[in-house]
Amino acid sequence: MEYLELLLKGLVVLFPFAFCWMLITYKWSFRKTEKEPIKVLVTGAAGQIGYAILPMIARGVMLGPDQPVTLHLFDNIKQANEALNGIKMELIDAAFPLLKGVIATTDIVEACKNVNIAVMLGGFLRKEGMERMDMMSKNVSMYMAQASALGKHAAADCKVLVFAKPSNTNALILKEFAPSIPEKNITCLTRLDHNRALNQIAKRLKVHASDVKNIIIWGNHSSTHYPDVNHATFTTKNGERLVREHVADDHWLKTEFINTVQHRGLAIIKARKASSALSAASAACDHVHDWVFGTPKGTWVSMGVCSDGSYGIEPGLIYSFPVKCENGKWSIVQGLKIDEFSRAKMDATAKELIEEASFAKSCLNEQ
């Protein structure tokens, strides 16, 4: 009995010390396992989409809830310096746990230093009465300079997402002038068009967008892109079903559906008197998230990537394909059957991209 009493007294004395040791060990273990911050560059950060995407990245929407980030904010307009500093102050004031630092600058070299991911929102905006080719000529020199800075100063494994229109051709210019960045690491955003198509189909079938998968956006991020549902499915209580069979309206799928998705951006501008910002920011986060973490098994997404000749598309073009992602890399889904209607649509948007690429090269020759 005396032995038991002594043992209990000893435990009472030692317990506080043991508890403190456990707490110190836990904290040290946590410190040791905390991830290094990923440096994310956002160009055009003073714009609407920049304002929408920055808090999403800081909250972990893009890179996960346990991944610290350092944000590099850049805008090529000198007058944007004050606005960038204001956004920086807001990000700091929001006290995001994952946000480990903010750099706000109009110096592209400083902005690109050691970045791991670059989200290229910045570009010369198309104004009323301006032709698409006029906008392209303004963007050529801008993307030459940004490509050069990224190639020289970004991290060796930097992943680049180009969104600023014309995004496919801007990505092509960036690829040409940043040869040190692997072409597999340069993509453009068609996920916004992909998400729009998912939601139009979900609305038609009266299901949630998350129940629909494997829609494809082929081609250019322009009004010629082709939303293809021939391989798309949706989930029901009785398993997966083909979208085309259940919509059962080829006329709608070939006319109203395509037109709605292709011109959704214009409809939003008309409604809110400003271009898409929230949905664009969300789509960019989706794009990078799936690229880094992988697409779910049996699922693909749409990404503008460098063509390897798949589906008869000219090699070297930045063209939107269905892709699967795994271990931080994308691959084009192969072996899908293409009907005559789809072939014509895919070739039409490819033709536009070839014309844009030719025009961009002529602009480069004038530099």
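The values are calculated or read from the model by the stated rules, or taken from the named source; none is laboratory data. From a predicted model like this one, the values you see are computed outputs, not experimental measurements. Cβ atoms come from the backbone with ideal geometry, glycine included; neighbour counts cover every protein chain shown. All accessible areas refer to the heavy atoms of the entire protein, side chains included, with ligands and DNA or RNA removed. Shrake-Rupley method; radii C 1.70, N 1.55, O 1.52, S 1.80 Å.
Here are some notes:
- Lone unmet requirement of (1) open to solvent by 10 Å² or more (accessible area, probe 1.4 Å); (2) more than 22 Å from residue 358 (Cβ to Cβ); (3) in contact with a strand residue (DSSP E or B) (Cβ under 8 Å, 6 or more places away or on another chain) for residue 160: (1)
- Selection status of residue 186, open to solvent by less than 10 Å² (accessible area, probe 1.4 Å), under 23 Å from residue 72 (Cβ atoms), in contact with a helix residue (DSSP H, G or I) (Cβ under 7 Å, 6 or more places away or on another chain) and modelled with pLDDT of 95 or more: yes
- Of the residues making up segment 231-281, just one is under 19 Å from residue 301 (Cβ atoms), open to solvent by 80 Å² or more (accessible area, probe 1.4 Å) and assigned to a strand (DSSP E or B), namely 240.
- Residue within segment 328-348 that is within 25 Å of residue 121 (Cβ to Cβ), open to solvent by less than 10 Å² (accessible area, probe 1.4 Å) and touching a strand residue (DSSP E or B) at 6+ places or on another chain (Cβ under 8 Å) present: no
- Summed over segment 347-367, residues that are in contact with a helix residue (DSSP H, G or I) (Cβ under 7 Å, 6 or more places away or on another chain) and assigned to a helix (DSSP H, G or I) total 7.
- Checking each residue in segment 282-296 for being farther than 21 Å from residue 185 by Cβ and surrounded by 14 or more Cβ atoms within 10 Å (Cβ to Cβ) picks out only 282.
- Condition check for residue 284: closer than 23 Å to residue 44 by Cα, in a helix (DSSP H, G or I) and within 16 Å of the chain's Cα centre (by Cα): yes
- Restricting attention to segment 253-290 and to residues that are out of contact with any helix residue (DSSP H, G or I) (no Cβ under 7 Å at 6 or more places or on another chain), of a type in the set (A, V, I, L, M) and touching a residue at least 24 places away in the same chain (Cβ under 8 Å), the residue that is nearest to residue 48 (Cα to Cα) turns out to be 288.
- Within the set 203, 165, the sole residue that is basic (Lys, Arg) and over 19 Å from residue 277 (Cβ atoms) turns out to be 203.
- For segment 157-203, a residue qualifies if it is free of Cβ contacts under 8 Å to residues at least 24 places away in the same chain and outside any helix (DSSP H, G or I), and exactly one does: 182.
- The residue of segment 192-212 that is least open to solvent (accessible area, probe 1.4 Å), among those that are among the charged types (D, E, K, R) and touching a strand residue (DSSP E or B) at 6+ places or on another chain (Cβ under 6 Å), is 193.
- Taking the criterion of being among the hydroxyl-bearing types (Ser, Thr, Tyr) and not in a loop (DSSP other than H, G, I, E, B), the residues of segment 287-315 that qualify are 302, 310, 311.
- Matching residues, segment 55-77, being part of a helix (DSSP H, G or I) and open to solvent by 10 Å² or more (accessible area, probe 1.4 Å): 55, 56
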